[in-house]
Amino acid sequence: MPTEIAPKLATILYSHRPKPFAAELELELTAYELIATRGRSIQRFPLTGIERVTLRFSPRNTAHRAFACTVRATDGKSVTFDSLSWKSLIETEKQNNDYARFVTALCERAEGARPQVELLAGVPPWKFWGMLIVGLGILAGLVAIAIYSSIDRSWFAAGLAVALFAYLSFWMRDYLTRNRPARFRSGAMPSLVLP
């Protein structure tokens, strides 16, 4: 990044607690590096050394819809953070706006410092296709159970199979649609993997 432009970039902060009783992860994005601090551990990622930034939809369950970002450096170091912060064992806080602002700036600065950086959206292709095939197999099995139970007049089992089919097909459609593997540029951030 040209030195006359870099000093004009403001430092952006983002923090979240990844688990109920875990130490808070504090991230600082400067004009030259990403600094990740958790407890006494400090990792520094020079923007020129960031190899890949991956954004994905990462729900915890139907109540906790979250989005995650993984930053990987050329030296193999990585850090993952998301849009959900745990305040207690049962209470979470969505930090959607702060998360979206931070990852957008991170992608812009990483691409500006290292044009060959990989900006990826979604899950890896092998995981995407594996989940699709296994999911379709499970859905087909639920249809078969519903049909067999209806023929056998086991209405409870048939209803349960139909309810599971509806729930799983909604969840799979949402997860796989949002996590379709893609590459992007910082000027066209993918809305499906952002809050």
query: Within the range 17-72, restricting attention to residues that are open to solvent by 50 Å² or more (accessible area, probe 1.4 Å) and within 30 Å of PHE170 (Cα to Cα), which residue is nearest to the chain's Cα centre (by Cα)?
result: ARG56
task: Among the residues of the range 83-105, write down those that are surrounded by fewer than 21 Cβ atoms within 10 Å (Cβ to Cβ), under 14 Å from the mean Cα position of the chain (by Cα) and not polar (S, T, N, Q).
output: LYS94, ALA100
task: Check GLU118 against each of (1) within 30 Å of TYR32 (Cβ to Cβ); (2) out of contact with any Asp or Glu (no Cβ under 7 Å at 6 or more places or on another chain); (3) not aromatic (Phe, Trp, Tyr) and name the one condition it does not meet.
output: (2)
query: Between a first residue in the range 158-180 that is under 9 Å from LEU139 (Cα atoms) and a second residue that is among the aliphatic types (A, V, I, L, M) and open to solvent by 70 Å² or more (accessible area, probe 1.4 Å), which pairs have beta carbons less than 8 Å apart while being 6 or more apart in sequence or on different chains?
result: LEU168/ILE138
task: Restricting attention to strands (runs of 3 or more DSSP E) lying wholly within the range 70-109, give those where 2 or more residues are farther than 20 Å from ASN179 by Cα.
output: 84-86, 92-94
query: Which residues, taken from the range 180-194, are under 21 Å from ASN96 (Cβ atoms), open to solvent by 60 Å² or more (accessible area, probe 1.4 Å) and either of a type in the set (Ser, Thr, Tyr) or not in a loop (DSSP other than H, G, I, E, B) (or both)?
result: SER191, LEU192
statement: Of (1) open to solvent by 30 Å² or more (accessible area, probe 1.4 Å); (2) in contact with a helix residue (DSSP H, G or I) (Cβ under 9 Å, 6 or more places away or on another chain); (3) in a helix (DSSP H, G or I), LEU142 fails just (1)
message: Just the residues that are over 15 Å from GLY49 (Cβ atoms) and in contact (Cβ under 8 Å) with a residue 60 or more places away in the chain, please, taken from the range 25-36.
response: LEU27
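Let me confirm something: among GLY112, GLY130, which residue is open to solvent by 40 Å² or more (accessible area, probe 1.4 Å), out of contact with any strand residue (DSSP E or B) (no Cβ under 7 Å at 6 or more places or on another chain) and either among the small types (Gly, Ala, Ser) or in a strand (DSSP E or B) (or both)? Spell out the reasoning first.
On the way: GLY130 fails: open to solvent by 40 Å² or more (accessible area, probe 1.4 Å).
Within the list GLY112, GLY130, the selection yields GLY112.
The values are calculated or read from the model by the stated rules, or taken from the named source; none is laboratory data. Note that the structure is predicted; figures quoted are calculated from it, not measured. No Cβ is skipped: glycine too gets one built from the backbone with ideal geometry, and neighbour counts run over all protein chains shown. Ligands, DNA and RNA are stripped out before the accessible areas are found, and what is left, the full protein with its side chains, is counted by its heavy atoms. Shrake-Rupley method; radii C 1.70, N 1.55, O 1.52, S 1.80 Å.
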